[in-house]
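Notes follow the structure.
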Amino acid sequence: MTKSDLVEALSERFAQLAQRDAELAVKAILEAISTAMIEGQRIEIRGFGSFSVSQRPPRLGRNPRSGERVEIPAKRVPHFKAGKALREAVDKGHSGPPGPSTPGPSA
């Protein structure tokens, strides 16, 4: 799913929300998450997951073409950990959003 697919799904699900407003809402949420992560903050969305920043230590690597050893500097990288409800929904193969309103598979 792309950002434009998300905007389209949001505007279809909420008829009172114009596509332009849905686009602004998605953009604002993504910017807020990005800004918080740039500042080193952790973002937690209950039932969905959490976004955090991890520190990778410096290490030695190899140039695959020449085999030469290369020093890779330390860096900060974004990390996402899925919440329990999302993990369980993905495991069960639900097509809807996770949560108590999502019906389980028929037995």
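Scan (i) 10.0; (ii) 11.0; (iii) 14.2 for the value of mean projected area of the Cα convex hull in nm² calculated from this model and give just the label.
Checked against the structure: label (ii).
Between ALA25 and VAL77, 0.36 nm times their residue separation minus their Cα-Cα distance comes to what?
On the way: separation 52, 0.36 × 52 = 18.72 nm, distance 2.53 nm.
Fully extending the segment from ALA25 to VAL77 adds 16.2 nm.
By the scheme Lys and Arg +1, Asp and Glu -1, what is the net charge of all other residues having a beta-carbon under 12 Å from that of ARG76?
Values: positive: ARG56, LYS75; negative: GLU39.
That works out to +1.
Readers should treat all values here as calculations from the given coordinates under stated rules, not as data from a laboratory. Keep in mind that this is a model prediction, so the values were computed, not measured. All Cβ positions, even for glycine, are placed from backbone atoms using ideal geometry, and neighbour counts span all protein chains on display.
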